[in-house]
1. At a 1.4 Å probe radius, carbon and sulfur cover how many percent of the accessible area of segment 103-153?
2. Please work out the ratio of the alpha-carbon Rg of segment 70-148 to 2.2 N^0.38 Å and round it to two decimals.
3. Roughly how many Å² of Val235 are accessible to a 1.4 Å probe, to the nearest 10?
4. Using packing as a proxy for protection, rank 168-179, 56-67, 132-143, 373-384 so that the peptide with the highest average count of other Cβ atoms within 10 Å comes first.
5. Label points 7 Å out from Cα along the Cβ direction at Leu143 and Tyr249: separation in nm?
6. Ignoring ligands, DNA and RNA, what accessible area per residue does segment 173-247 give at 1.4 Å, in Å²?
7. How far apart, in nm, are two points set 7 Å out from the Cα along the Cα-to-Cβ line at Ile169 and at Thr43?
8. Can you tell me what the convex hull of the Cα atoms of segment 92-234 projects to on average, as an area in nm²?
Amino acid sequence: MHHKLSFRRKLQTFLLSLLLILLTAAGVPSAAYAAEAASADTTMAVHFLDVGQGLSILVQSQGENLLYDGGDRGHSSFVVSYLQKQNVSTIDYMISSHYDEDHVAGLVGCLDNFSVKNVIGADYVQDTKIYQSFENEVSSQGLNVQHPDPGTDFSFGSGKFTVLSPQSISSNDNDNSVAIRLENGINHFLFTGDTESAGEEAICDLGLDLSCDVIVPGHHGSATATTWDLLQQTVPEYAVISCGAGNSYGHPHKDTMDKLSDMGIQVFRTDEQGTVIAVSNGSDIQWNQNPCNDYSAGDETDIGTQPSSAYGSSSSASSDYISDAAAGADSPANVQADPEPVGDMVWISATGSKYHRIPNCGNMNPDNATEMTRSQAEAAGYGACKKCY
Ligand SMILES: [Zn+2]
Ligand SMILES: [Zn+2]
């Protein structure tokens, strides 16, 4: 009996050892293979839907869907059918930046048509019918609107997103917007809803990394958003402006467009280009079309003598930039009157319309910056950068 037990134990020990050897031999490569397989699809597609004067962004990655705002009532069915065409059946994260009609109305339609797992919104109520419908739809799906604190991370697809606001509730609904920074590998996108300057200041004060490749200028490009502070902390390469063609608000505003132009940020506009799609693979971002780089403002009463046909045409980016510079406040006439020594050297970025005192102003790539004399730059139609001059 004792002998038999001992034999069985020996057998067990032998089998366990064999198993361990096999696991060790197979372990390293199979674990590596599994990790590789899990992270193989690092694609994240970001669709900036053309919802006229409103906002709606669909993000898809690894079969998960995030919907940030749904546009206004008039675009609700467009948003629903757009999502259906992208094979959306479940919305993993529905984020309502704030409860203004041009952002929340389309979400009501989506709550009606898709199964929604999580709804994120700001912790305030609005005394409107559309807000009531939103609340009713959310509770009819057995959900509550979540109000995560700034700094909260959610994993999503091959990346994650971080909630950046609101820190507190303001009497200005726009400043209650839930802003997020979306991350996929080294690519980042910043959505701030209709956040205006006070809300942007709170976001800048968080002490979080806000750098991004793509920004959606707040409040449809209004002058009350996209502060220098935010631009300096984010240094985006691209801006996607969501606004309606010929909207009555004059969005995007000249101040915002001048800042984007001064920083050499490439511009996409839904009012001119329709739905814009960015696809990140975790290291690069590909677009479904080229940036329009049209820096003209929605309210064009202040663009001087430039014929409006100079804007929105298929002319090259650089000529648009130059038209914009010529039409700007620092017109060539004013600059030439400046008693600056002729030999004064300035820097030109690869794409911008301004000359700079330093080769790395804003998000300029110093490797692509060219040095020339100030008079050469002015002769070529460049204007002084308002940030460094
Ligand atoms: Zn809005
Ligand atoms: Zn708003």
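The values are calculated or read from the model by the stated rules, or taken from the named source; none is laboratory data. The structure presented is a predicted model; accordingly, all values stated were derived computationally and were not measured. Virtual Cβ from ideal backbone geometry, glycine too; neighbours counted across all protein chains shown. Note: areas computed on protein heavy atoms with side chains; ligands, DNA, RNA excluded. Shrake-Rupley method; radii C 1.70, N 1.55, O 1.52, S 1.80 Å.
1. Values: 960 of 2440 Å².
Roughly 39 percent, rounded to a whole number.
2. Working: Rg = 11.5 Å, N = 79, 2.2 N^0.38 = 11.6 Å.
The reported ratio for this selection is 0.99.
3. 60
4. On the way: 168-179: 20.4, 56-67: 22.3, 132-143: 14.8, 373-384: 18.8.
For the peptides 168-179, 56-67, 132-143, 373-384, the packing ranking is 56-67, 168-179, 373-384, 132-143.
5. Using points 7 Å along Cα→Cβ, the separation is 2.4 nm.
6. On the way: 2110 Å² over 75 residues.
Accessible area per residue, segment 173-247: 28 Å².
7. It is 4.2 nm.
8. Values: hull surface 32.7 nm².
The Cα convex hull of segment 92-234, projected and averaged over all directions, gives 8.2 nm².
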